[in-house]
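Student: Quick one: this structure, given as structure tokens, is what I'll be asking you about.
The values are calculated or read from the model by the stated rules, or taken from the named source; none is laboratory data. The structure presented is a predicted model; accordingly, all values stated were derived computationally and were not measured. Backbone-built Cβ (ideal geometry, glycine too); neighbour counts: all protein chains shown.
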Amino acid sequence: MVFSSYSFLFFFLPAVLLAYYLSPNRFKNLTLLGFSFVFYSWTKPIYALLLATSIVVSYASGQRMSRAQGRRKKAWLLLSVATNLGLLAFFKYAGMFSTWGSYLEDLLTGAKGIIPIIKVALPIGISFYVFQAISYSVDLFRKEAKPARSLVDFATYIALFPQLIAGPIVRYRTIAEQLIEREHSWSKFLFGTRFFAMGLFKKVAIADTVALGVGFAFGNPEPTCLEAWVGVLCYALQIYYDFSAYSDMAVGLGLFFGFDFPQNFNSPYKSVSITDFWRRWHISLSSWLRDYLYLPLGGNRSGPRRTYLNLMIVMALGGLWHGASLVFLIWGLWHGVLLAVERIMGARHPISKLPKPLAALLTFFLVCLGWVPFRAKSLGEMAGIFLSMFGGGWGPSSMLQNFPEVGWVLLVCGSAVFACPNSWVLARRESLWDLSRDLVAFWVALVVILVYSGSPFLYFQF
């Protein structure tokens, strides 16, 4: 179910709000849990079994872990992590490994047909709730969190529908107390409404509009240089507005039910380095990778060479987390190389010597280069777009003939990500102008939804 769909806005959301606020306090989590499973099961009910498996195994292992010591404690941790990673690995990577196996067959005489081709549909949101379950287990093992009070509380944490499908990746210890007792007030509800309105507007009025220009590069067999650059820039804006929109709406929905979710985006295209970019982009994922991969690998404690290797490993795995494909691996390695180079050069890095506006533009340029493999469907498409960007022809452009307004869309939306405050700043402003702006944004978004059918959020595929 999509937040910007008719079924969610006009049926599911009013129903869950009514049921939630009519429920006694001791049953509010149970009410949320029931509706969350309805939300998750809306299109593929069978996948609810996977979600339930992750919940039950992680909860039971956590309860045992909290009472065990030594090897037994580690065994329960391994059970939980292995179960969750096993679910993720099979449904997300079985197809990739079987495809690689078929390539190997082509190289071996008489081996054709030995390795079966596995095609498994990816359960929506599995990458996000698996990471939440793993963080819970690891935090319990490290004694950085206390075990959940009940299965209902823990299941509500994992399955909570506002952030179930595409994050943010919320750690249990962040909302543990809120699962037991949380504040409900009109001011909090209004705060959530403003977040939700801004997110809805960013999704349907901006992200879905700027997406029209993405096809000039991706999917175009022979884009001109101009089309390639415009398509890549459109995708850079689309993925930011789309994903940050979902995060804003998740924060808003969380506030409706008394939860305070962490910020997931902090004006990432204003970053003055790639290191700064990863402090601002998908903050919950980058901090997860740091705390549960980079630091356990040794972080920067084992000398420079090991530090650079750790960065490459973590970013490569971060790329594969997004998708089981070589293009995602290339995207991760690209950022790993950039991060390693910044760490090696330090103050000698050319970007660090530039004025902040120029540093931000150059960082944005490097990020856009990374979006090419991230969005490309294959290595061939990625190579073709790069060739067009840096050596393509300047002939007649279908973009200029068919969508002359795309330049205005790029100018307005692009300027906004560099010049305007982000949602977390805007939502805290309480002037009449700010409230009116959010109200207008909400009604404009509703009109767009009623006129045009909404599209799924980009991060649903991850």
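Student: Looking at segment 301-318, which of the residues that are at negative phi and free of Cβ contacts under 8 Å to residues at least 24 places away in the same chain is surrounded by the fewest Cβ atoms within 10 Å (Cβ to Cβ)?
Tutor: We begin by selecting, within segment 301-318, every residue at negative phi; these are 301-302, 304-318.
Now restrict to residues that are free of Cβ contacts under 8 Å to residues at least 24 places away in the same chain: 301-302, 305-306, 309-310, 313, 316.
Values: Arg301: 10, Ser302: 12, Arg305: 8, Arg306: 14, Leu309: 16, Asn310: 22, Ile313: 16, Ala316: 19.
Within segment 301-318, the match that is surrounded by the fewest Cβ atoms within 10 Å (Cβ to Cβ) is Arg305.
Student: Condition first: closer than 16 Å to Phe128 by Cβ and either assigned to a loop (DSSP other than H, G, I, E, B) or without any contact (Cβ under 8 Å) to a residue 24 or more places away in the chain (or both). Now tell me which residues in segment 53-63 satisfy that.
Tutor: Start the filter on segment 53-63 by keeping residues that are closer than 16 Å to Phe128 by Cβ, which leaves 53-55, 58.
Hits for segment 53-63: nothing passes.
Student: Can you name every residue in segment 396-419 that is modelled with pLDDT of 75 or more and over 13 Å from Ile206 (Cα atoms)?
Tutor: Those that are modelled with pLDDT of 75 or more and over 13 Å from Ile206 (Cα atoms): Phe418, Ala419.
Student: So which helices (runs of 4 or more DSSP H) stay within segment 302-382 end to end and still have 3 or more residues that are outside the structural domain of Leu233 (by TED's automatic domain parsing)?
Tutor: Answer list for segment 302-382: 304-322, 326-345.
Student: Can you list residue pairs whose Cβ atoms sit under 7 Å apart, with the first residue in segment 11-38 being in contact (Cβ under 8 Å) with a residue 40 or more places away in the chain and the second being of a type in the set (Ser, Thr, Tyr) and part of a helix (DSSP H, G or I)? Count only pairs 6 or more apart in sequence or on different chains.
Tutor: Every condition considered, the pairs that remain are Tyr20/Thr31; Lys28/Tyr20; Asn29/Thr156; Leu32/Tyr20; Leu32/Thr156; Leu33/Thr156.
Student: Quick one: count up the residues across segment 247-261 that are within 14 Å of Leu200 (Cβ to Cβ) and either small (Gly, Ala, Ser) or touching a Pro at 6+ places or on another chain (Cβ under 9 Å) (or both).
Tutor: Initially, segment 247-261 is screened for residues within 14 Å of Leu200 (Cβ to Cβ), giving 247-253, 256.
Among the residues that remain, those that are also either small (Gly, Ala, Ser) or touching a Pro at 6+ places or on another chain (Cβ under 9 Å) (or both) are: 247, 249-253, 256.
Residues flagged as within 14 Å of Leu200 (Cβ to Cβ) and either small (Gly, Ala, Ser) or touching a Pro at 6+ places or on another chain (Cβ under 9 Å) (or both) within segment 247-261 amount to 7.
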